[in-house]
Structures are given as structure tokens and as C-alpha cells.
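The values are calculated or read from the model by the stated rules, or taken from the named source; none is laboratory data. Model, not experiment: these values are computed from the prediction. So basically every Cβ, Gly included, is an ideal-geometry build from the backbone, and we count neighbours across all protein chains shown.
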Amino acid sequence: MNGPQRFIGMHRHVPTAALAAILSLAWLAGPVEAQLASPDAAALGMGDTRTAQAGGFTAISTNPAALAMPGGPATSGTLLTLQGEAGLGPIGLGDLADFEGRSVPDEVRQRWLDRIVRSGEEEGSAAGQVTFFAAQVGRFGVQLSTTAEVLASLSPGAAELVLFGNAGRTGQPEDIDVAGSDLDLGLISTFAVSYGHPVMRTPDRDVAVGATLKYTMAHAMMTATALGGGATASPLELDVAFPIVQSDSSVGFGSGNRSSGVGMDLGVGWREGPWVMGLAVQNVFHTFSWDDSDLLLRPGEIRVVEGEWETDFDLRPFDDVAAALRGRVDDQEYSPAVAAGVAHQLRPDLRLTGELRHRFGSERRAEPATHAGLGAEYRPVTWLPLRAGGGILSGGYLLSAGVGVHLLPFRLDAAVARRSGELGSANLLMVSASLWN
């Protein structure tokens, strides 16, 4: 086998380890979500329905009006609440696990490629959120959270190159275009201060309003997209342009906040007998944008001809960036989102919730743009809440379950969820420990 054939990958049996390393790139590593991280494991367990059942410190990120609604604690707080999720599809890690330590047969790779072609791309997402602290005293609340998120995709052409090399499905060298593959990564922290104010209080009705003021600090960012190129049959070569825009290479919390902005959320709470309703608008305004002086460019050019490699990943000024990448940076904005929820205490031991959320704007996020969810909490004994829920999402669905142990003033809550959406399927896990008084 000559040099050009080897470098482009004329292998007819691709090692599973190599496929896992490439196809799971997104699972291991987008721009981050615009809203403040929710530290409420109970809400996730009930179909991720947050707005009407918010209370205590959970109101800061969800609906600040709940800080002034009746029935809430005088004080509440949590430290180091964690949430994580990871998804990959339509070819998932489970598909690769079936061939652990073995080469993947041609017919299996062909089925995988057919699934990617039907889907339009192989996509993955991974996100992690940590709420360092969230505390509520009366009608006031404060919270500090950090979110890390990665979104990645392989176009059908790039997936074919990974699975078959430039020999393609036919076994003969052919032209393969990798345009449409991309990668986004972000690491951002948000500090928020909230206040809720009662508007009306009667025995049968309560109305409150609230606001959350947020300061967002960016620590790191990367965005990249394949502008063109790929493998060609004549001449037999590989020529790929995958330019990368990144924040300054000294990534980390101690290196300063490269870009920042201020935003505001507004909320309304309404109780009518056993019914509670909530309406929240997140990012009524948000001034965050990336400062060009904080950004650098790596051309990301790879060319291989007759076994000879030429690459260019040297850092350059952001001014040299292509228009397509400049647009991707500009798109990393914080768009408004609207949520409306309802909760009903059907019996002393049974609570039902529902919610509809929609995020405006065209930016990609791990969290789906639209969410319509239902949930329930049942307490066989007062200290043991059992939760379940589900939802219809843009491009998929959500199923969730959770459990808690509430021995006042201590609460321990955990939830798991399975989400299928525009970026494939993802598993979510959340655990929170808190004090309520």
C-alpha cells in the first residue's frame, strides 16, 4: 500500500478505538447556556418543570417572583450543586461498545453511515454545571454558578472519511467534502442577585413580581468550522481547512475575565387557591459579547500529498478570521427565553406540575429551544418525595425521575433524566444538598 493511500485511510476495517476517539469527541469535551444554572434537582426529576414550583434559593435562577410568594422558607441555601449531561448520536457510544477491541465490519459501518446521512450529521454535546453557592434570606437571593458546554458535529462527508477513508463505501478513491463539521466550547460563570416583591395578598390569592440581575464572566471559548476541503481522488490527497477562533491561550479562572456582560430576568408569581402559576422572561436584556482583542485565530489547515504533511495551526490575530467564523462568534449571544408554569396541590401527598418554555434566537445549545413538560411528586411519607415526569422537546423527548430525603432543615435530592433532541440523546444526572428553614 503506497503512502497516499495510507495517509488518507484505505483501511477496510477501522479499529474501534480510532472510531471512538473521533466520534466521541463531543461527548468528552457550544457556547454555554444563556440562563443561570438551575440548582434544583427536584425540578429535573419532575420533567424539568421549574417555573411554578420554584421557592427559596431555586427561585433565583428560575422565577425570582417566587421569593415573595407565601409558603417559602425564611432562609435556604446550597453549596456545590452539580449537574452533568452527555449525548452522542445517531451513532452512540453503545454502538461502539459492541465492537470493543475488534474492527468494525464493512456492513456495520455502512449502516452507521446511512443513519448519519439520514440524520444530516453526527452530533454530540456535553455540559457540566456547578452552583458554588445559592442562598436566600427573605425576599433576597444570591447565586454563583459556572457552566461548561461543548457541542460538536461531523458532516456526512467527514463521517464517511472517518469510517471508510477516502476509498469511500465503494472501495475506490473518491472525492469527499468535509464542510459542515464544527465544534463549539465555552466556559462561563454568572453571579446573580434576586429580589421578589409581593403585589397582592388575600386568603385566596397572592401575586408577586421579581427580578434577577446577572453579571456574566467568560473564562474560555473556542469555535471552529470546516469551511471546505476534504479528500480528493485525482490527485489523491487530503486538503482540509478547519479554522479555529479561541480566547487567549492562558485559559483559566486565574487569568482574568476576558469578556463580560450584564443581563436581567423578570418573573411573576400567582396563587389562586391550590393553584400556583408562574411566568418568567430570562435575558430581557443581556450586554454580553466577545471582545475581539481577547480572541485569536488558528488557521487549522492540513494538507497531505504523497505522504508529505503540511499544517498551519499557528496563532494569529483575530482580524485575519474568515467571515463565516466571525459570524459564529457574533452568534454567541444570550437570547431571551420565556417560561410559563403551573402547579397544583391535588392532595397533601400529591403535587402536579406543568411547564412550557421557549428560547428565541438561532444559537445552538445543548438544551432544546422548546420544552413542554409535566411532572408529579408523591410523598408516601412526608420526608420521602418520589418524583417522575416527562416532556416533549424540539426534536425529541425527556423522561426523568428523582427522589429526595427531607429531614428539616436538611434536604438531599437527586434526579436522573434521558433526553433525546436535536443533538442526539443525552443522559442527565443532578444531585443537590441544601438547608431550608
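Whenever a residue of the stretch 355-383 is modelled with pLDDT of 95 or more, its partners that are outside any strand (DSSP E or B) and surrounded by fewer than 17 Cβ atoms within 10 Å (Cβ to Cβ), lying with C-beta atoms within less than 7 angstrom and at least six residues away or across chains, give the pairs Y378/D349; R379/D349. Of all positions in the stretch 411-421, none carries a residue that is part of a loop (DSSP other than H, G, I, E, B) and at pLDDT below 95. Listed by first and then second residue, the pairs with beta-carbon distance under 7 Å, at least 6 apart or on different chains, first residue in the stretch 237-265 and within 25 Å of L36 (Cα to Cα) and modelled with pLDDT of 55 or more, second assigned to a helix (DSSP H, G or I) and hydroxyl-bearing (S, T, Y), form an empty list.
Would you call T146 hydroxyl-bearing (S, T, Y), surrounded by fewer than 18 Cβ atoms within 10 Å (Cβ to Cβ) and under 30 Å from N437 (Cα atoms)? So T146 does not fit the description; no.
Taking the criterion of being within 15 Å of W270 (Cα to Cα) and surrounded by fewer than 20 Cβ atoms within 10 Å (Cβ to Cβ), the residues of the stretch 343-362 that qualify are H344, Q345. Does the stretch 324-334 contain any residue that is closer than 28 Å to A52 by Cβ and modelled with pLDDT of 80 or more? Checked the stretch 324-334: at least one residue is closer than 28 Å to A52 by Cβ and modelled with pLDDT of 80 or more.
Output yes when any residue across the stretch 108-116 is among the hydrophobic types (A, V, I, L, M, F, W, C) and more than 14 Å from E160 (Cα to Cα), and no when none is.
No, the stretch 108-116 contains no residue that is among the hydrophobic types (A, V, I, L, M, F, W, C) and more than 14 Å from E160 (Cα to Cα).
Look at (1) crowded, with 22+ Cβ neighbours inside 10 Å; (2) closer than 30 Å to A159 by Cα; (3) hydrophobic (A, V, I, L, M, F, W, C) and you find that A65 fails only one, number (2). Within the stretch 74-102, if we keep just the residues that are hydrophobic (A, V, I, L, M, F, W, C) and closer than 30 Å to G138 by Cβ, the residue that is surrounded by the fewest Cβ atoms within 10 Å (Cβ to Cβ) turns out to be A74.
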